[in-house]
2 protein chains.
Amino acid sequence: MSLLVSGWIAVDEIETPFGATGASLGGSATFTLFAGALFTDVRLLAAVGPDFPASMRAQLAHPRIDISGLTTEDGTTSRWGAKYGYDLNTREDLYTHVGVNETWQPEVPAAWRDTRSAVLSAAHPYVQRELSGQLTAKRATIMDTIRFYIANWPREILEVLGEATFVTMNDGEARELTGEASIAKATRNLLERGANAVIIKLGEYGAVYATKDEYFVAPGYPLEEVIDPTGAGDAFAGAFMGYLDSVEEITAVEIRRGILYGSTVASFCVEGLGPTRLFTLTRDEVEKRYRTFRALTRVEVDG
Amino acid sequence: MSLLVSGWIAVDEIETPFGATGASLGGSATFTLFAGALFTDVRLLAAVGPDFPASMRAQLAHPRIDISGLTTEDGTTSRWGAKYGYDLNTREDLYTHVGVNETWQPEVPAAWRDTRSAVLSAAHPYVQRELSGQLTAKRATIMDTIRFYIANWPREILEVLGEATFVTMNDGEARELTGEASIAKATRNLLERGANAVIIKLGEYGAVYATKDEYFVAPGYPLEEVIDPTGAGDAFAGAFMGYLDSVEEITAVEIRRGILYGSTVASFCVEGLGPTRLFTLTRDEVEKRYRTFRALTRVEVDG
């Protein structure tokens, strides 16, 4: 039982109307790791530069997170700065310094090749395919992508869609990649182009899950206070795959539960600046909110 | 068992990327009436001018719709023209001629004062309060509002919130009326200001229902083809209240079912230009889609 997480470990600077982080630990992998570690043992595969602060490395210490796959490469640690508008619906990317992640070719360590679950966070699609190929005993994987890769390598993304068990992106990205305005149509389009299962994240409105035979729509958890939306999608993927890694068999019901767990953990994530809320989040807190969430989406008393 | 519907009967001209209606039957009451008539007997309380075309009056003929409350007043029939952008997310209101509805003071006919259910569509809040007061045996009512009234009479709307069983508006309107960016907060704000129950319509993302003790989130029905979003909210209200009028007792479960029926009928509504799809929609079609909808929001097999 283990979940491999490949992605960025970065130094983020985020400004929101509710506060600013200053230079602090971030990157897709950070959010995914801590969300996944609520459910299972997690293995980090990522690169930083020699400039990566020891204090941030120390923040990654966690009994269920193995950071022996965090390598130090020549170059600089990835850095990202962003600023949110007053209602958090608009974000301005101030800068993105890709740094070591521009050229780094991740390789799954020999001892980890039998990991049964993996989150392959946004990366060049061929890198994601290569990583997927190195996992020889995988049971389920999820591949995420972002606007940057969609804008530059749309054809390559479509080419590798079938490599993962689940493909995920947000609604705007799905519209952009497929050219379809309707989410239902965009989803079907991705399935027709080879995806095995698609999860479209709708932000505060929840998520849609679809395969050729199934369709599941999960509403968003009704949060009163959102502090910082950064990393919510990565937390979703980490919790979703962490939960699935922990179950005996991946069934349609477990996938639906996993989506609600993903939404639940994402709802905690946005209550803090950067990944800070995830650092202190406990499984008990998750279970409590999960039960509340289930109750407020049920139509029938027994449902 | 009857549902009173007060609102506008209007002549609409709608342009979408998929076609234009030309001058045709519209107005909030039209959508609400036909949606309600799928579940119960409906009574129309509305005003038109002498210019209201006989052909449009003929379109209102329906075995379950009583149009004896449609009065002809001095002045002109309300008219509204709008044009949707290519992805239907942007709408330009080309013109709004309020006509007879500017000064008309609706009065519930004596024989209808014991109607047990009512949809009080968007109107001046004091008109809505007056109508509510005239219903002496009401079991449940819903009050809708729109940006026009929120912009001009926000204080008056807040003053009458408690008059209805349910208050409904869309997410943007709720944000504007309360000044709260989060839907969960806006909802709580409306409850604190006197609403008994609040339904926030989220368009393609579904709806939120809240009272002081309850919270229910229903996702949107995943439609592949949207032709014209006009009237979806009115169709929702008509079906929701029509369904509730038809049940023996209004319980928490019936309200949740009603919200899914409302979303289901709204999802048919947007498949046609103006209210045309509602003219031919049958209860069997509604039941079939309702069951599909229920299945794709269920987490557990038995839920």
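The values are calculated or read from the model by the stated rules, or taken from the named source; none is laboratory data. Keep in mind that this is a model prediction, so the values were computed, not measured. With ideal geometry, Cβ positions are generated from the backbone for all residues, glycine too; neighbour counts draw on all protein chains shown.
Points to keep in mind about this one:
- Count of residues meeting criterion [buried (at least 18 other Cβ atoms within 10 Å of the Cβ) and touching a residue at least 24 places away in the same chain (Cβ under 8 Å)] in the stretch B:159-183: 15
- Hey, A:I199 closer than 26 Å to B:L260 by Cα, buried (at least 18 other Cβ atoms within 10 Å of the Cβ), hydrophobic (A, V, I, L, M, F, W, C) and more than 11 Å from chain B (Cβ to nearest Cβ) or not: yes
- Hey, B:E107 among the acidic types (D, E) and either crowded, with 22+ Cβ neighbours inside 10 Å or within 20 Å of B:D66 (Cα to Cα) (or both) or not: yes
- Some residue of the stretch A:217-227 being closer than 29 Å to B:Y209 by Cβ, aliphatic (A, V, I, L, M) and at pLDDT 95 or above: no
- Looking at the stretch A:63-104, the strands (runs of 3 or more DSSP E) lying wholly inside it that each contain 3 or more residues that are away from chain B (no Cβ under 14 Å) and either surrounded by fewer than 16 Cβ atoms within 10 Å (Cβ to Cβ) or not hydrophobic (A, V, I, L, M, F, W, C) (or both) sit at A:78-84, A:91-97.
- Residue match in the stretch B:49-71 (condition: within 13 Å of B:G99 (Cβ to Cβ), in contact with a strand residue (DSSP E or B) (Cβ under 6 Å, 6 or more places away or on another chain) and in contact (Cβ under 8 Å) with a residue 60 or more places away in the chain): no
- Single residue of the stretch A:269-303 satisfying the filter (surrounded by fewer than 23 Cβ atoms within 10 Å (Cβ to Cβ) and touching a Lys or Arg at 6+ places or on another chain (Cβ under 7 Å)) that is nearest to A:L88 (Cα to Cα): A:E271
- Where strands (runs of 3 or more DSSP E) fall wholly inside the stretch B:1-48, the ranges with 3 or more residues that are over 14 Å from the mean Cα position of the chain (by Cα) are B:10-16, B:42-48.
- The set of residues in the stretch B:146-165 being touching a Leu at 6+ places or on another chain (Cβ under 8 Å) and in a loop (DSSP other than H, G, I, E, B) consists of B:A164 alone.
- Among residues of the stretch A:16-36, those that are modelled with pLDDT of 95 or more and surrounded by fewer than 24 Cβ atoms within 10 Å (Cβ to Cβ), counted: 3
- Just so you know, in the stretch B:110-119 the residues that are touching a residue at least 12 places away in the same chain (Cβ under 8 Å) and over 19 Å from B:E73 (Cβ atoms) include one that is surrounded by the fewest Cβ atoms within 10 Å (Cβ to Cβ), and it is B:D114.
- Positions within the stretch A:39-62 being among the basic types (K, R) and buried (at least 19 other Cβ atoms within 10 Å of the Cβ), in sequence order: A:R43
- Restricted to the stretch B:214-242, and to residues there that are of a type in the set (G, A, S) and more than 22 Å from B:Y84 (Cα to Cα), the residue that is surrounded by the most Cβ atoms within 10 Å (Cβ to Cβ) is B:G238.
- Hits in the stretch A:76-121 - residues which are small (G, A, S) and within 18 Å of A:L25 (Cβ to Cβ): A:S78, A:G81, A:A82, A:G99, A:S121
- Residues of the stretch B:177-196 that are out of contact with any Leu (no Cβ under 7 Å at 6 or more places or on another chain), within 12 Å of another protein chain (Cβ to nearest Cβ) and not in a loop (DSSP other than H, G, I, E, B): B:I183, B:K185, B:A186, B:T187, B:R188, B:N189.
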